[in-house]
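S.K.: Handing you this structure, nothing more for now.
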Amino acid sequence: MKKRDTVDKLMTAVQRELPLVYTAMVAERDAYMAEAVAQYLKQTGMKDCCMVVGMAHMSGIERNLKLKYGFSAAAPACELVAQPA
């Protein structure tokens, strides 16, 4: 089962071992998505939003929104897990 801390450790390993791949597939996409959300909120005047993203992008998008745009998390991240039928 995927857990956020496990995925974060995997992303750290990918960043260390394959920095160009990490930059192209994770870091640049995180920055782009954070910028798009920040621009949308600014244009619409909205103050809150809920995002649904892949787990590998959660920490990077949060980091970008906090550091580059001054956002803060209103609530801890929520992880939904499908239960077997």
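S.K.: Considering the values (1) 14.1; (2) 13.8; (3) 15.0, which represents Kirkwood radius over Cα pairs in Å as calculated for the structure under consideration?
M.R.: So the calculated entry is the one marked (1).
S.K.: Can you work out the Karplus-derived ³J(HN,Hα) for every residue in region 59-73? Use 6.51 cos²θ - 1.76 cosθ + 1.60 with θ = phi - 60°, whole Hz, and x for glycine or proline.
M.R.: 5, x, 5, 4, 4, 4, 5, 6, 6, 8, 10, x, 7, 9, 6
S.K.: Given the peptides 65-72, 48-55, arrange them by the average over their residues of other C-beta atoms within 10 Å, most packed first. The partial results should precede the final answer.
M.R.: Values: 65-72: 13.0, 48-55: 11.0.
Ranked by mean Cβ neighbours within 10 Å, highest first: 65-72, 48-55.
S.K.: Now for a different question. Per residue of region 26-39, in order, report the coupling 6.51 cos²θ - 1.76 cosθ + 1.60 (Karplus, θ = phi - 60°) as ³J(HN,Hα) in whole Hz, putting x for Gly and Pro.
M.R.: For region 26-39, the Karplus-derived couplings read 10, 4, 5, 5, 4, 5, 4, 5, 5, 4, 4, 5, 4, 5 Hz, x marking Gly and Pro.
S.K.: Would you compute, from DSSP H runs of 4+ residues alone, the mean residue ellipticity of the chain at 222 nm, taking -39500 (n - 2.57) per run and dividing by the full residue count, rounded to the nearest 500?
M.R.: Working: 4 runs with 50 residues, N = 85.
When only DSSP H runs of four or more count, the value is -18500 deg cm²/dmol.
S.K.: Also, quick follow-up: Taking H placed 1.01 Å from N in the peptide plane, check which residues at least 5 places from residue 71 or on another chain put their amide H under 5 Å from its amide H.
M.R.: 66
None of the figures in this text is laboratory data; all of them are computed from the coordinates on show. These numbers were taken from a predicted model, which means no experiment stands behind them. Cβ: placed from backbone, ideal geometry, glycine included. Neighbour counts: every protein chain shown.
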